[in-house]
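Contents: one structure, followed by commentary.
The values are calculated or read from the model by the stated rules, or taken from the named source; none is laboratory data. Values in this document were obtained by computation on a predicted structure and should not be read as measured data. Here the Cβ positions follow ideal geometry from the backbone for every residue, glycine too, while neighbour counts run over all protein chains shown. For accessibility, only protein heavy atoms count, side chains too; no ligands or nucleic acids. Shrake-Rupley method; radii C 1.70, N 1.55, O 1.52, S 1.80 Å.
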Amino acid sequence: MIELTGVTKVLKGQSEPRTILDGVDLSVAAGQSVAIVGRSGSGKSTLLSVVGLFDRPDQGRYLLAGQDISRLPERRAAKLRSSHFGFVFQRFFLLKHLTAAQNVAMALVNGQGWLPRRERRARVMQALDQVGIAHLAKNRPAKMSGGEQQRVAIARALVRDPKVLLADEPTGALDTETGTLVIDALLAATSRGCALVLVTHDRDHAARMGRIHDLVNGVLTERVPA
Amino acid sequence: MKRFSGRFRSSLIIGLQGIRARKLRTLLSMVSLFLGVLAVVVVQAGASIAERALLADNELTWGYDGTRVIDMPPEQKAVDAVLAAVKGRSDAVASIGVQGIIGEPGVRPVNEGGAPIGQSWGGAVCYPDGRCEEPTGPQGAAIEVRLTALTGDIRQFRPFRPVSGSWLDFSTVPSMAPRLVLNKEAAKGFDQYDVPAEMRVNGAVANLTPRFVGVVDDGTGEPRAYVRADELATWLPNANLVNPNMGGELRVSLAPSSPIEQVLVAKLKGMGVEPYVDTINNREEQEDQLRLMRLIFFSMAGLVLLIGVAGILNVGLATVGERVEEFALRRAVGTPRSLLAGIVLAETLLTGLFTAAAAIGASALALKAVVLLAGGSHPILDNVQFPWEAGVAGIIAGIVAGVLGGFVPALRAAGIPIATVMRA
Ligand SMILES: Nc1ncnc2c1ncn2[C@@H]1O[C@H](COP(=O)(O)OP(=O)(O)OP(=O)(O)O)[C@@H](O)[C@H]1O
Ligand SMILES: [Mg+2]
């Protein structure tokens, strides 16, 4: 589904440019799951932001479903983000003033505006159901536990049926048990054909992915299973 | 188009969500903007009301816009030509002013020279050779009016306001006892002095016994009485209408496209009478009077509005600063920058419109209260409606303030990098 070859990201700081990603090769097929592990500051989030089209690589090639999207104008990138990607972050980033259902529906807004109300509601409820919190649809984030909030965030990522799910330390703010529930929800998506890239510090969570990659100073290497 | 409306709708819906989530902030923005929009609404309302009042007064005094007016010296041959020209026409009315004294015979009127009641212009009569004669005889219960003989209904050109009684009826057979309509100033004289209904007119074959049928407001400050020319003619032959020593006026008012204008003007010139032709244009003349005033007031209102815009801008920027994560997140899930800017703009725009609605409502209510409390004592406030121009001005002010105050925050919001969501 995604195929990165020789992707390099250089940060042009005030003093001297710093290479944050150095010739990263990464390919994840549909239904596959990959864990990215590495020390803080090694560039994991930066890698996800390139994969998720928040940012473009300075060098290298990025294919999405066989299409070269290494250099994409922002307008088309926004469209692809909405049609192909789902994101989950360490902090849940739910909007306080919206209910769980409205937070999920937010991801249905794109350049074309909104889907019809009925279809919107059906998809929102389906996504909430997939992460097991359909009964909380009308609650606001303030009334939900961290794990519930994170699952709302996952539902928001899933509501558009993404081809690629990107998660940046989604369990970082949760206890182990709740974290496991969240990883369950993410893995469930791969069983429906979604590719998953998970950045995590948790060995157990990493071990549940199909593959593990280590990122050290911007260089990505696949860990050979022991 | 569909795409646009979809975006427009989403911006409005999401903007409204944002407003509902931050009611206090929205309220603060509205408070800061309220005075500005209110100032614009009030200035526009005041200008419109003043303009209408001024226009109504000017129309009363000078005539409706577009009316053609021919003035000429009151010479006998001009009178004859004019009367012949307007005879039987509905689009032209001649008015001939002569002196009339109503009251006790043989006494001098209380307002010699036709002065406003209570003022004295002195009664000296001066002749073309420079010789002046002080009047003789006792002053008594008589009032001098400018008696204006009309060949038709002048109200098609000047909207006299009825005060009491009725206006002259031009459709009936002329009556032997001339019917008179007084203006307010003349009526004031009759109120203050007990004056018998006998009228002396220079050149009349006998004293007249007029019937007073009504009082109108004609917008002039000197006492006047209006009479049908044909009713006056019974007593005062046309040949005696003008008296070179007494002065007088001779005017023809015409509908804009009356065909007799050219004919009459040519004829008068041929006789050696120099007609002075003019088109009534109150609006244009008023414009000059009002322009500077309006400029000053609108500049002041604009300044207050600008302060309000600064308030919205301030709140808007603070809000965007607080909502960095929300906007970054929205971009992450695929909301295009333009829509994001649209959301912010929609919020300030809606805030501006709400403020406009509040300001318009407040000033409309205030106007109603003022009219209710002070109406009657100030004629300018009679029947005053809230002018629609003020509503439009308020809405425009609200939109302008919303766009101005939302523009910079919208750009900021659109420029927030998505990666913010990963670094937070
Ligand atoms: N906008 C930026 N300006 C300056 N430096 C940046 C910026 N973004 C990233 N960096 C630097 O790039 C490096 C990689 O950052 P990144 O967030 O990808 O690390 P990470 O592996 O996700 O770390 P963590 O595990 O703590 O989240 C860091 O050294 C960071 O300081
Ligand atoms: Mg990170």
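Please return the ranges of strands (runs of 3 or more DSSP E) entirely within region B:223-291 where 2 or more residues are touching a Gly at 6+ places or on another chain (Cβ under 9 Å).
Ranges flagged: B:224-228, B:249-254.
Given B:R412, B:R331, B:R423, B:R337, which one is of a type in the set (K, R), within 16 Å of ligand 1 (Cβ to nearest atom) and open to solvent by 60 Å² or more (accessible area, probe 1.4 Å)?
B:R423
Which of the residues spanning region A:132-144 are at pLDDT 90 or above and not hydrophobic (A, V, I, L, M, F, W, C)?
Hits for region A:132-144 are A:H135, A:K138, A:N139, A:R140, A:P141, A:K143.
Quick check on region A:157-168: of everything there that is at pLDDT 90 or above and of a type outside the set (A, V, I, L, M, F, W, C), which residue is farthest from ligand 1 (Cβ to nearest atom)?
Ranking the candidates gives A:K163 first.
Collect the residues in region B:9-18 that are more than 8 Å from every other protein chain (Cβ to nearest Cβ) and either surrounded by fewer than 18 Cβ atoms within 10 Å (Cβ to Cβ) or not in a helix (DSSP H, G or I) (or both), keeping them in residue-number order.
Across region B:9-18, the qualifying residues are B:L12, B:L16.
So which residues in region A:8-18 are part of a strand (DSSP E or B) and either open to solvent by less than 80 Å² (accessible area, probe 1.4 Å) or at pLDDT 90 or above (or both)?
Within region A:8-18, A:T8, A:K9, A:V10 meet the criteria.
So A:L128 passes all but one of these: (1) open to solvent by less than 40 Å² (accessible area, probe 1.4 Å); (2) within 10 Å of chain B (Cβ to nearest Cβ); (3) in a helix (DSSP H, G or I); (4) not charged (D, E, K, R). Which condition number does it fail?
Checking A:L128 against (1) open to solvent by less than 40 Å² (accessible area, probe 1.4 Å); (2) within 10 Å of chain B (Cβ to nearest Cβ); (3) in a helix (DSSP H, G or I); (4) not charged (D, E, K, R), the one that fails is (2).
Among the residues of region B:152-186, write down those that are at positive phi and not in a strand (DSSP E or B).
Answer for region B:152-186, where residues must be at positive phi and not in a strand (DSSP E or B): there is none.
Given the residues B:G321, B:G342, which is the only one that is away from ligand 1 (no atom under 16 Å from the Cβ), part of a helix (DSSP H, G or I), open to solvent by 10 Å² or more (accessible area, probe 1.4 Å) and within 14 Å of chain A (Cβ to nearest Cβ)?
Result: B:G342 is the single residue among B:G321, B:G342 that is away from ligand 1 (no atom under 16 Å from the Cβ), part of a helix (DSSP H, G or I), open to solvent by 10 Å² or more (accessible area, probe 1.4 Å) and within 14 Å of chain A (Cβ to nearest Cβ).
For region B:76-96, how many residues meet the condition of being more than 16 Å from B:E274 (Cα to Cα) and open to solvent by 10 Å² or more (accessible area, probe 1.4 Å)?
Going through region B:76-96 one residue at a time, the tally reaches 9.
Can you tell me which residue within region A:175-202, out of those that are assigned to a loop (DSSP other than H, G, I, E, B) and within 16 Å of ligand 2 (Cβ to nearest atom), is surrounded by the most Cβ atoms within 10 Å (Cβ to Cβ)?
Going through the qualifying residues, I end up with A:T200.
Right, A:R123: part of a helix (DSSP H, G or I) and away from chain B (no Cβ under 13 Å) or not?
yes
Just give me the residues in region A:1-31 being within 20 Å of A:R71 (Cα to Cα) and within 11 Å of ligand 1 (Cβ to nearest atom), in sequence order.
A:K9, A:V10, A:L11, A:K12, A:T19, A:I20, A:L21
List every residue pair whose Cβ atoms sit under 6 Å apart, with the two residues 6 or more apart in sequence or on different chains, where the first one lies in region B:279-301 and is open to solvent by 100 Å² or more (accessible area, probe 1.4 Å) and the second, anywhere, is modelled with pLDDT of 85 or more.
Pairs found: B:R283/B:D65.
Is it fair to say A:L63 is modelled with pLDDT of 90 or more and away from ligand 1 (no atom under 16 Å from the Cβ)?
yes
Failed condition for A:L166, given (1) within 16 Å of ligand 2 (Cβ to nearest atom); (2) open to solvent by 10 Å² or more (accessible area, probe 1.4 Å); (3) not in a loop (DSSP other than H, G, I, E, B), with all others met?
Of everything listed in (1) within 16 Å of ligand 2 (Cβ to nearest atom); (2) open to solvent by 10 Å² or more (accessible area, probe 1.4 Å); (3) not in a loop (DSSP other than H, G, I, E, B), A:L166 misses just condition (2).
Quickly run through region B:136-151 and pick out the residues that are in a strand (DSSP E or B) and open to solvent by 10 Å² or more (accessible area, probe 1.4 Å).
Within region B:136-151, B:Q139, B:E144, B:R146 meet the criteria.
Would you call A:D55 touching a residue at least 12 places away in the same chain (Cβ under 8 Å), within 16 Å of ligand 2 (Cβ to nearest atom) and open to solvent by 50 Å² or more (accessible area, probe 1.4 Å)?
It is true that A:D55 is touching a residue at least 12 places away in the same chain (Cβ under 8 Å), within 16 Å of ligand 2 (Cβ to nearest atom) and open to solvent by 50 Å² or more (accessible area, probe 1.4 Å).
Need at least 3 residues that are under 16 Å from the mean Cα position of the chain (by Cα) and within 13 Å of another protein chain (Cβ to nearest Cβ) per element, so show me which helices (runs of 4 or more DSSP H) inside region A:19-120 make the cut, counting only ones lying wholly within it.
A:44-51, A:74-84
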